[in-house]
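To start, the structure itself, in structure tokens.
The values are calculated or read from the model by the stated rules, or taken from the named source; none is laboratory data. Since we're looking at a predicted model, the values are computed, not measured. Cβ coordinates were reconstructed from backbone atoms using ideal geometry, including for glycine residues, and neighbour counts include every protein chain displayed. Ligands, DNA and RNA are stripped out before the accessible areas are found, and what is left, the full protein with its side chains, is counted by its heavy atoms. Shrake-Rupley method; radii C 1.70, N 1.55, O 1.52, S 1.80 Å.
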Amino acid sequence: MAHAKQYYAISCINVGVGPGGTTSMLARIAIVDFRGNTILDTYVAPTMKVTEYRTATTGIEPGHLSSKNAVAFNAVQQHVASIIKGHILVGHSIWNDLSVLGIPHPAVDTRDVALYQPFRNALRSPNHIVGLRTLSWQLMCRRCQESEQNPLENARAALDLYRSDAGNWEESIVRGSWPCALPPSTFSRCYL
């Protein structure tokens, strides 16, 4: 008997590596279940020298990533892959999370609130990615990302956005009418 697919929401916080710190590297990740309970929330030990902590938005400082609580990237990658395999992944701009994790996921098993056309249409932004903070405020009168980003808060906000229209979203998929725009083509490797 096949098990029912679970819904997990994901959010990654990245720091910068390389010249000018423009390349993103995973620094903290959170995953919550459908009820918003924490499945994973951890700092990730850097695999390269961090050149930009982006502290003003990430809240991450060197001590977070050098502490004994920071988990090795490959251990986090394997753990996340085992959690999400065969399940539905909810998030905002999920391609960014999958990209820094180096984990592909079936496109049909993603529910990306940044790509959901009814949300974009409601904000009169049919061809643009609307930030999680704006979506949360405009569609749920909920504040998030007020100061530094908290991946648990982000994952729960994306999940609540998804749940706010889940019936229509899933009904569209059952009817064979995918209700989302495509992610940026440069990230096609993130999807199976």
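On the stretch given as the range 84-111, residues that are buried (at least 17 other Cβ atoms within 10 Å of the Cβ), of a type in the set (V, I, T) and farther than 25 Å from T23 by Cβ total 2.
Checked across the range 142-152, the condition of being within 15 Å of A9 (Cα to Cα) and either among the small types (G, A, S) or part of a helix (DSSP H, G or I) (or both) holds for at least one residue. Condition test on I60, is it assigned to a loop (DSSP other than H, G, I, E, B), in contact with a strand residue (DSSP E or B) (Cβ under 6 Å, 6 or more places away or on another chain) and closer than 30 Å to H128 by Cβ? It is true that I60 is assigned to a loop (DSSP other than H, G, I, E, B), in contact with a strand residue (DSSP E or B) (Cβ under 6 Å, 6 or more places away or on another chain) and closer than 30 Å to H128 by Cβ. Of all residues in the range 179-188, exactly one satisfies the criterion of being over 30 Å from A56 (Cβ atoms), open to solvent by 40 Å² or more (accessible area, probe 1.4 Å) and touching a residue at least 40 places away in the same chain (Cβ under 8 Å), namely L182. Among the residues in the range 30-47, are any crowded, with 22+ Cβ neighbours inside 10 Å, within 13 Å of the chain's Cα centre (by Cα) and either aliphatic (A, V, I, L, M) or within 17 Å of V90 (Cβ to Cβ) (or both)? Checked against the condition, which is being crowded, with 22+ Cβ neighbours inside 10 Å, within 13 Å of the chain's Cα centre (by Cα) and either aliphatic (A, V, I, L, M) or within 17 Å of V90 (Cβ to Cβ) (or both), the range 30-47 yields at least one hit.
Per the listing A72, A114, A56, the residue uniquely surrounded by fewer than 21 Cβ atoms within 10 Å (Cβ to Cβ), modelled with pLDDT of 95 or more and not polar (S, T, N, Q) is A72.
Restrict the check to the range 36-55 and report whether at least one residue is of a type in the set (D, E) and closer than 16 Å to H87 by Cβ. No - not one qualifying residue is present in the range 36-55. Would you confirm whether any residue within the range 64-82 is in a loop (DSSP other than H, G, I, E, B) and under 18 Å from the mean Cα position of the chain (by Cα)? No: the range 64-82 contains no residue that is in a loop (DSSP other than H, G, I, E, B) and under 18 Å from the mean Cα position of the chain (by Cα). If you check L159, L192 for being of a type in the set (A, V, I, L, M, F, W, C) and over 14 Å from the mean Cα position of the chain (by Cα), only one passes: L192.
Pairing residues of the range 148-174 that are closer than 21 Å to V108 by Cβ and open to solvent by less than 40 Å² (accessible area, probe 1.4 Å) with residues that are among the basic types (K, R) and modelled with pLDDT of 95 or more, at Cβ distances under 8 Å and at least 6 apart in sequence or on separate chains, gives Y162/R111; W169/R111. Residues that are aliphatic (A, V, I, L, M), more than 17 Å from L159 (Cα to Cα) and not in a helix (DSSP H, G or I) within the range 98-128 comprise I103, L123, listed in sequence order.
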